[in-house]
Amino acid sequence: MPDHLRLLSLAVFAPLLAISAEKLVLRDGRELPADSATFGNDRFTLPDGQAVDRNNVSDWWLGDAAAARTAAPAATKAEDEEARQRLYELRTRGQEFARDFPGCRGVYIMDEGTFVFTPDGRNAYRYHFVGLVLSEDVLDWARLTLGFSEGRSRQRVIAARSLTPDGRLLTLDPASITVGSAPQRGDVHFDPNSRMIAATIPGVEVGSIVEYEYEYESYAPEDWRLFFPGFYFQMDLPTCESTLRVQLPKGMPLYHWTDNWDAPGPKRSLLTRLLSKLIPGTKKAHVKSVVTVDGTDYDQYEWRKRDVPPVTKEPYMPPDNEVVPGVHASVIKDWEYLDKLTGSMQLERMVATPEIRELTEKLTADCKTRDEKIAVLYHWVQKNIRYISVKASLSSGWTGHPAAETLAQGYGDCTDKSILLCTMLHVLGIEAEPAVLRTNDTGDFVPKYPVLSCNHCITEIRIDGKPLYLDSTTQDHRYPSLRADDHDVIAYNFVRGERRRVPIPPGGLADGKVSTETMVLDRDGNLSVTSRNAYTGLYEARLRGGWKRVPDEMRPKIMQQYLNGIAPGARLKDFDIPDPQELSVQFHLNYDFELPHYAVPAGNLRVFQIPSRERSFGETSLDTRRYPIVYTTSEAQDRNIEILLPPEYRIVDIPAARRIRHKHVTYSEDWEVRDDKLLVRIRFERSTRRVTPREYPKYRHALQQIEELTRRPVYFELLKAVEVGMQVGGDLAE
């Protein structure tokens, strides 16, 4: 299944059925005939006026019960022949387009999605796919896995077939389709109503054409306004034609926008580009028309892209959905509705029960400052509320479970943990609310209208009127550190009705390391190193989390493996780390090791490179870039090194003090000779997480300068015994 559909399946409600309902299936197994049932106010109303609460309904069948969840009736011979001929023609089109992309694994020939908002408030989605298989890597196109939530939605396979290289048309047998509970993601995500349709299209091999069409319908949406159509038009493989349609009852407004619609595509001549702007209908990204379905008029919006090349991958580029052409839409014009809907439900769940008050007061009894109190509560929720997501509705999904319920159960997801932490902070009179966001590893998303494409929830605290963000899902971040993938994203605070971008902390707080090192070099070039390192932010959390998983008896071995990466032959002498479980203590890693024969002889010279000084940047491999460079967050490292030299060594050459400055990165080295010591301070800081293509040439040059500088070694001369005596005597005389 194309990647963009996997993204959409998390965020949209969907399909396109205009069949009268036949029956309601209740959770106790009873079936109620319902030829024209309607849904509203959290209940189904039957033709006789009987009302059934939605929580008592396991399914709502439309049309034939077997077909509604499996497949359409078998095609006639004439229909099969028509399908065969159509797929022949599409295969020819796909093969011709594939010639422009030698070695491509496959071609998306048809990629077509239709969203429908029905007059009675149901949301529907129909998807039609045709693909040309050119490699075993895409044979999984034959496997259909379609999810739905029992009691709220359904899936229906309309058609699924393949055309083999030798011309055989093979159609999916409806009897082979299975329906079962959807697999849960490990032991941390659980939806008791989640179900999955699974099927395998027969005969798919390299050279085949694969076609399938399915419908998804949310027949009992919790809120009919939560309709957010979205679609992406460029993927990892070339696409012949990609189309999005959105249908709404005539006259109903749709608020929509495009992203990257005019992004660079296949090269076109200047004349072609000029004509495309002059031809009627091409100035707008979409076309609007009126269609009639079963006697109902719909306004139909259509967006289409043809002959779309695959995304050209670049190192450190953003996720595809940030840079490819996309369409997003909503039936809500401003955020007020979502603020009231979600904010009110969140407030209802932040009730400080006697148990919550007692626990909060007990945990903070010995704290002297506000920061200490916040830190204690933050760390307690991190460590004591296990991350388990149990979701079955909008109320539990966007707004979490009540704080008292999360505390009693001892588990919850990101929203639940934030609700509990906020409630505990309220006991202390500290302002705090949940803030919903989309983590930065899924791409930057700036909605022009209310489209909530989010996957996470953190906590927004007000300290002297300024926001402080904490993420209690992580068990490894020490207060006030925030998980790095929460940086530089829009946080939606529904309680306050505010949307603001989470700031990127300074590099030393976001992803930092400070080192103090003493290195002793002897006459034979052996090096002894004492290294003391303290960490912050992402660096600290990563190390803390990693060492948590290492048993005590395995830690020396892991440390030795790390040193082997610094230099072959390294020998660990001793090391020390704090208890990784103790969040209140800054994580450090102190270690002593030896590097035998580390200084490289070159005649009478010795070549010496400070361990781990050399830097390389994979993001500089391209001469130019189409897409920005994106990092998770900022970073900074500060090394203070003292190198003790033997009397037999005379310094011949050391790198000059140097400072390299750029808008996004700074690097400096300071070298000082003091008696028999060589003092070095190395500083590196990258202050941002995004570098635009326009900024890339100068940024690349700065990184290349850093690479070159860090490769320059120190040169020592090995003195003869008489020269050593003269040098020492001279020193004494002075």
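Restricting attention to the range 396-408, and to residues there that are part of a helix (DSSP H, G or I) and of a type in the set (A, V, I, L, M, F, W, C), which single residue is farthest from Thr692 (Cα to Cα)?
Ala408
Give the number of residues within the range 464-492 that are free of Cβ contacts under 8 Å to residues at least 60 places away in the same chain and assigned to a loop (DSSP other than H, G, I, E, B).
6
Evaluate the range 331-350: report whether one residue or more is in the same structural domain as Leu428 (by TED's automatic domain parsing), in contact with a His (Cβ under 7 Å, 6 or more places away or on another chain), small (Gly, Ala, Ser) and surrounded by 12 or more Cβ atoms within 10 Å (Cβ to Cβ).
no
So which residues in the range 655-677 are over 40 Å from the mean Cα position of the chain (by Cα), at pLDDT 95 or above and closer than 21 Å to Arg615 by Cα?
Trp671
One line per residue, one yes/no per condition, for (1) surrounded by fewer than 18 Cβ atoms within 10 Å (Cβ to Cβ); (2) not aliphatic (A, V, I, L, M):
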position	(1), (2)
Thr620	no, yes
Thr624	yes, yes
Ile629	no, no
Asn640	yes, yes
Pro647	yes, yes
Asp653	yes, yes
His662	no, yes
Thr666	no, yes
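Of the residues in the range 409-460, how many are charged (D, E, K, R), in a helix (DSSP H, G or I) and surrounded by fewer than 19 Cβ atoms within 10 Å (Cβ to Cβ)?
Residues in the range 409-460 being charged (D, E, K, R), in a helix (DSSP H, G or I) and surrounded by fewer than 19 Cβ atoms within 10 Å (Cβ to Cβ): 1 in total.
Run Met519 past the list (1) touching a residue at least 40 places away in the same chain (Cβ under 8 Å); (2) not assigned by TED's automatic domain parsing to the domain that holds Asn604 and report the number of the one that doesn't hold.
Met519 satisfies all of (1) touching a residue at least 40 places away in the same chain (Cβ under 8 Å); (2) not assigned by TED's automatic domain parsing to the domain that holds Asn604 except (2).
What about Leu274, is it at pLDDT below 95, under 30 Å from Tyr696 (Cβ atoms) and not assigned by TED's automatic domain parsing to the domain that holds Val246?
Details: at pLDDT below 95: yes; under 30 Å from Tyr696 (Cβ atoms): yes; not assigned by TED's automatic domain parsing to the domain that holds Val246: yes.
Here the answer is yes, as Leu274 does meet what is asked.
Among the helices (runs of 4 or more DSSP H) confined wholly to the range 292-382, which include 2 or more residues that are closer than 30 Å to Val495 by Cα and not charged (D, E, K, R)?
336-349, 354-363
Could you look through the range 535-577, keep only residues that are β-branched (Val, Ile, Thr) and in a loop (DSSP other than H, G, I, E, B), and pick out the one that is surrounded by the most Cβ atoms within 10 Å (Cβ to Cβ)?
Within the range 535-577, the first condition is being β-branched (Val, Ile, Thr), and the residues that meet it are 536, 550, 558, 566, 577.
If we keep only those that are in a loop (DSSP other than H, G, I, E, B) too, we end up with 550, 577.
Values: Val550: 15, Ile577: 17.
By that ranking, first place goes to Ile577.
Looking at Arg571, Arg549, can you tell me which residue is more than 31 Å from the chain's Cα centre (by Cα), more than 28 Å from His664 (Cα to Cα) and of a type in the set (Lys, Arg)?
Within the list Arg571, Arg549, the selection yields Arg571.
Name the pairs whose Cβ atoms lie under 7 Å apart, with the first residue in the range 535-564 and closer than 27 Å to Thr633 by Cα and without any contact (Cβ under 8 Å) to a residue 60 or more places away in the chain, the second aliphatic (A, V, I, L, M) and surrounded by 19 or more Cβ atoms within 10 Å (Cβ to Cβ), and 6 or more positions between them or separate chains?
Tyr535/Leu543; Leu543/Leu589; Leu563/Ala570
Confirm whether Arg532 is assigned by TED's automatic domain parsing to the domain that holds Val714, farther than 22 Å from Phe716 by Cα, in a helix (DSSP H, G or I) and modelled with pLDDT of 95 or more.
Judged against the criteria, Arg532 is not a match.
The values are calculated or read from the model by the stated rules, or taken from the named source; none is laboratory data. Note that the structure is predicted; figures quoted are calculated from it, not measured. Backbone-built Cβ (ideal geometry, glycine too); neighbour counts: all protein chains shown.
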